[in-house]
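Structure first, commentary second.
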Amino acid sequence: MEFKKSQAIKTSVVACVIDEQERVLLTRRCIEPFCSLWVMPGGKIDHGEPILQALHREVREEVGIDVQVEGLLDVFEHIGVGERNDHFVILYYRAAPLSSELAPNGDECTEALWVEKNSLPQMPMPPGGRHILSQVFPDLPWHPERPQDVSLEEELPGGNIKAAGH
């Protein structure tokens, strides 16, 4: 008898960290996907790891600060991604920093900075991050369409998925 291994849903968390001056924590990613773009800290949830524990761990690992989680902003689901037909669920949480001294780890991000609210639309970032920030700051002049050369499948934190045009 042959058994087919079932695929698991891959779940990731991303922290939208906003300080008291409404500045957003962004990191310059140094691994694919989105190498050299500005992203919010996040990554995969390990098997058996509570969601909020993963969020705290990812922020601490990437930029060296602790955060206070304020709530869920949005959930993105991607089904049938890539050759393996992967299934991803990405949880975006709003968080407040408990300190402001950033220490990017150099493994996943080379820079980390607090970006003024009004500068966000001009930052080169993936479409998912832009989408979340446009929900948080709807009064800013966000470009209405996402770039055609970058697909949402590429934005999976910690993933390495090639563009799968939409």
Given the residues 23, 29, 94, which is the only one that is on the phi < 0 side of the Ramachandran plot, touching a Phe, Trp or Tyr at 6+ places or on another chain (Cβ under 8 Å), at pLDDT 95 or above and not aliphatic (A, V, I, L, M)? 23
What is the one condition in (1) in a loop (DSSP other than H, G, I, E, B); (2) over 15 Å from residue 105 (Cα atoms) that residue 36 does not satisfy? (2)
Sort through 153, 145 and tell me the only one that's part of a helix (DSSP H, G or I) and either at pLDDT below 50 or more than 27 Å from residue 99 (Cβ to Cβ) (or both). 153
Pull out all pairs, ordered by first then second residue, where Cβ-Cβ is under 8 Å, the residues are six or more apart or on different chains, the first lies in segment 88-106 and is within 23 Å of residue 70 (Cβ to Cβ) and surrounded by fewer than 16 Cβ atoms within 10 Å (Cβ to Cβ), and the second is among the small types (Gly, Ala, Ser) and at pLDDT 95 or above. 101/64; 103/64; 103/112
Sole residue being surrounded by fewer than 21 Cβ atoms within 10 Å (Cβ to Cβ), of a type in the set (Lys, Arg) and not in a strand (DSSP E or B), chosen from 28, 57: 57
Extreme residue, surrounded by the fewest Cβ atoms within 10 Å (Cβ to Cβ), among residues of segment 60-87 that are part of a loop (DSSP other than H, G, I, E, B) and at positive phi: 85
Across segment 107-123, the tally of residues that are under 14 Å from residue 18 (Cβ atoms), part of a helix (DSSP H, G or I) and in contact (Cβ under 8 Å) with a residue 12 or more places away in the chain stands at 3
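The values are calculated or read from the model by the stated rules, or taken from the named source; none is laboratory data. Since we're looking at a predicted model, the values are computed, not measured. Ideal geometry is used to build each Cβ from the backbone, glycine not excepted, and the neighbour counts take in all protein chains shown.
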